[in-house]
Amino acid sequence: MTELASVLREQDEAFLADAGLTYTIDAEPGFANLVVEKFSTAPGLAPDNVNLLLRLPFGFPDAAPDMFWVDPQVTSGTGAAIPGTELIEIYVNRSWQRWSRHIAQQWRPGIDNLETYLGYVRRCLRQAGDS
């Protein structure tokens with residue numbers, strides 16, 4: 001089994017399929033880059049859909065993920081910048097807006113998985129849309 005194949009467990013792949021999410025995954029040293037296409041943002045944010053990048057550490061879901069990235073950039077519905085999203089980083093040969101959100105202290109190894117992490121991402125987006 002390759003490191004890449006071991007990143008997404010069967011339950012994570014099943015969750016993505018059941019949710020109807022289209023994704024690609026590739027590896028780089030220490031991480032698998034999971035790109036979820038046409039991921040819905042939240043009311044109060046623009047645009048409505050983005051490509052979502054999750055950089056999952058090898059060992060996920062026992063190893064906690066950190067931050068997430070979107071393309072294109074997300075702003076408030078009024079065009080205002082969202083705190084903690086000012087940096088642009090290059091991964092998977094494209095530019096991504098980094099959302100500096102940290103779940104490490106809340107992550108529960110053996111309990112949390114890709115479904116719970118995407119729930120966290122959705123909460124972060126909703127909070128930004130409500131601001």
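Each reported figure results from applying straightforward, stated rules to the coordinates on display, with no laboratory input. Just so it is clear, the structure is predicted and the values come from calculations on it, not from any experiment.
Once the Cα atoms are used to define both axes, helix 114-130 deviates from the longest principal axis of the chain by about 10 degrees.
Here, segment 22-99 yields an orientationally averaged convex hull projection of 5.3 nm² when only Cα atoms define the hull. Across q = 0.16, 0.19 Å⁻¹, the chain modelled as identical point scatterers on its alpha-carbon atoms has Debye log10 I(q)/I(0) values of -0.79, -1.12, in the order of the q list.
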